[in-house]
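Asks: Can you read through this structure? Questions will come right after.
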Amino acid sequence: MGKKRQGRYTVEFENPPLVRSYAAVVGEKEAEGPLGMYFDTVCSDPMMGQDSWEEAEGQLQYTAVLKALDKAFIQPENIEYLFAGDLLGQTIATSFGVKELQIPHFGLYGACSTMGESLSLAAMAVDGGFASRAVAVTSSHFASAEKQFRFPLGYGNQRSLAASWTVTGSGALVLESAEECSEKAAEKCVRIRAATTGKIIDYGIKDSQNMGACMAPAAAFVIASHLKDMDRKPEDYDKIITGDLGYVGQKILFELMREEGYDIEACHMDCGIEIFDHETQDTHAGGSGCGCSAVTLCSYVMNQMESGAWKRVLFVPTGALLSKISFNEGLSIPGIAHGVVLEKDE
C-alpha cells in the first residue's frame, strides 16, 4: 500500500491536479432554474441541430469539452486522456459525441455518479504522472433518458411525486499538473486533493421512480468512509455535496448518516435540489441524471470555490445501477457513489 492511500477507500494525491478550466452546457429548463446565471452555454434547441435525442446528448458533451478547452486556450491535441460517460446503452452519447476530438478516450459508466468516477480517474492519471492534462466530462438529456428508461414523451404518463427530472446538460473539467500551469493561473485554480471510491450498495429497492431512495445508502457509505479514512468531521468541509438524491433521498441520507454517528445537515447540499425551483418548475423530487451534478459542479460550485466563499468541499455524485433489462426482470436497483475533495488554497 503506497503512501497515497488513506484507509480502505481513499487516496490523497501527492501532486494535486489543478482544475485548469471547466464548462457547463444546459437546456432552457435548467437555465430557468436558480443556477441559471452560472452556466456557460444555454441551448435553446433541445435537439441541438441533430436527428435524434441521443445525438443531441452527444453534441452537449462535444460543446462542453470545446468550451472548457477554449476557456484555458488549450487545443484537443494537447490533452492526453479523455474520461467520459453517460447513461445510455454502451455510452453512445459519449462515443458519438466526442469522437471528432480524437483524444485518447476511456469510456466510463457509473450511472449518475459518472462525474465523480471520471474526475477521480483523471486526477489519478495526472497525479501519477501518466498525463499532464486530462478532461473529465459527462452528460444526460431529459428526452434520451425518458426514451431509454421510462416512457416515450408522447405517452404523457403521470409522474410519481418521488420521481426526479433528468437534467439536460453536460459538464467538463480540464485537469492540469502544476508543472504545466503558469504560476499566475495556478493562484486561482481549485485543486483535486483526494478521492474516495465507492462500492456497490444494494438495499433491495425496486422502485425505478424513486432514484433518491436507491442511491442514498451508497452516498452515506462513501461520505462515512471518507470521513473515517481521512479522520475528519463534517464541519471540516464547507459543503458536502451529493449528486441527485433530491428531497426524498436527502432525508434518507441524513438518517443513515446519523446511524453512522455523523450529522451533515448543516453543511449538506444536493445538486438535484439546487438546480430546479421546487415550487415553480414541476420537477417533483428534484433533478437527476449524469448532467445534474456535472453542470452544478462546473458552474455554481466552482464559482463559489474560486471566489473564496468555500475552501474545501466533498463532491459525491450518486448513481442508480439499473437497465431496462434488469428492471423488466424484477431485479433490485443497486447504488454507487464516488467522492472527490476539491480545495482552494488560501
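The values are calculated or read from the model by the stated rules, or taken from the named source; none is laboratory data. Since the structure is predicted, the reported quantities are computational estimates derived from the model, not experimental observations. Neighbour counts run over all protein chains shown; Cβ positions are idealised from the backbone, glycine included. Each accessible area value is taken on the protein alone, full model and side chains, heavy atoms only, with ligands, DNA and RNA left out. Shrake-Rupley method; radii C 1.70, N 1.55, O 1.52, S 1.80 Å.
Asks: Tally time: how many residues in the range 220-237 are surrounded by 18 or more Cβ atoms within 10 Å (Cβ to Cβ), touching a helix residue (DSSP H, G or I) at 6+ places or on another chain (Cβ under 8 Å) and not in a helix (DSSP H, G or I)?
Replies: 0
Asks: Got a number for residues in the range 79-94 being among the charged types (D, E, K, R) and surrounded by fewer than 24 Cβ atoms within 10 Å (Cβ to Cβ)?
Replies: Count: 1.
Asks: Separate question: Yes or no: the range 248-263 includes at least one residue that is part of a loop (DSSP other than H, G, I, E, B), at pLDDT 95 or above and in contact with a Pro (Cβ under 8 Å, 6 or more places away or on another chain).
Replies: yes
Asks: Spot the failing condition for TYR300; the list is (1) over 15 Å from the mean Cα position of the chain (by Cα); (2) of a type in the set (Ser, Thr, Tyr); (3) at pLDDT 95 or above, and only one is missed.
Replies: Among (1) over 15 Å from the mean Cα position of the chain (by Cα); (2) of a type in the set (Ser, Thr, Tyr); (3) at pLDDT 95 or above, TYR300 violates only (1).
Asks: Still on this model: Residue check: is ILE205 open to solvent by 20 Å² or more (accessible area, probe 1.4 Å) and outside any helix (DSSP H, G or I)?
Replies: yes
Asks: Hey, can you tell me all the residues within the range 238-247 that are modelled with pLDDT of 95 or more, open to solvent by less than 10 Å² (accessible area, probe 1.4 Å) and not hydrophobic (A, V, I, L, M, F, W, C)?
Replies: THR242
Asks: Hey, among the residues in the range 275-303 that are in contact with a helix residue (DSSP H, G or I) (Cβ under 6 Å, 6 or more places away or on another chain) and assigned to a helix (DSSP H, G or I), which one's surrounded by the fewest Cβ atoms within 10 Å (Cβ to Cβ)?
Replies: Selected residue: ASN303.
Asks: Turning to a different aspect of this structure: When residues of the range 237-260 are filtered for being farther than 16 Å from VAL340 by Cβ and not aliphatic (A, V, I, L, M), how many remain?
Replies: Within the range 237-260, residues that are farther than 16 Å from VAL340 by Cβ and not aliphatic (A, V, I, L, M) number 10.
Asks: Just give me the residues in the range 1-37 being closer than 30 Å to GLN281 by Cα and open to solvent by 60 Å² or more (accessible area, probe 1.4 Å), in sequence order.
Replies: Once the filter is applied, which keeps residues that are closer than 30 Å to GLN281 by Cα and open to solvent by 60 Å² or more (accessible area, probe 1.4 Å), the range 1-37 yields GLU28, GLU32, PRO34, MET37.
Asks: Based on what the data block shows, is VAL313 at pLDDT 95 or above and assigned to a strand (DSSP E or B)?
Replies: yes
Asks: Look at the range 107-123 and say how many of its residues are open to solvent by 50 Å² or more (accessible area, probe 1.4 Å) and either of a type in the set (Asp, Glu) or farther than 21 Å from HIS141 by Cα (or both).
Replies: The number of residues fulfilling the criteria is 1.
Asks: If I ask for residues that are over 12 Å from THR138 (Cβ atoms) and either open to solvent by 50 Å² or more (accessible area, probe 1.4 Å) or part of a helix (DSSP H, G or I) (or both), which ones from the range 59-74 would you list?
Replies: GLN59, TYR62, THR63, LEU66, LYS67, ALA68, LEU69, ASP70, LYS71, PHE73
Asks: If I ask for residues that are more than 21 Å from SER288 (Cα to Cα) and at pLDDT 95 or above, which ones from the range 75-97 would you list?
Replies: GLN75, PRO76, GLU77, ASN78, ILE79, GLU80, TYR81, LEU82 - these are the residues of the range 75-97 that are more than 21 Å from SER288 (Cα to Cα) and at pLDDT 95 or above.
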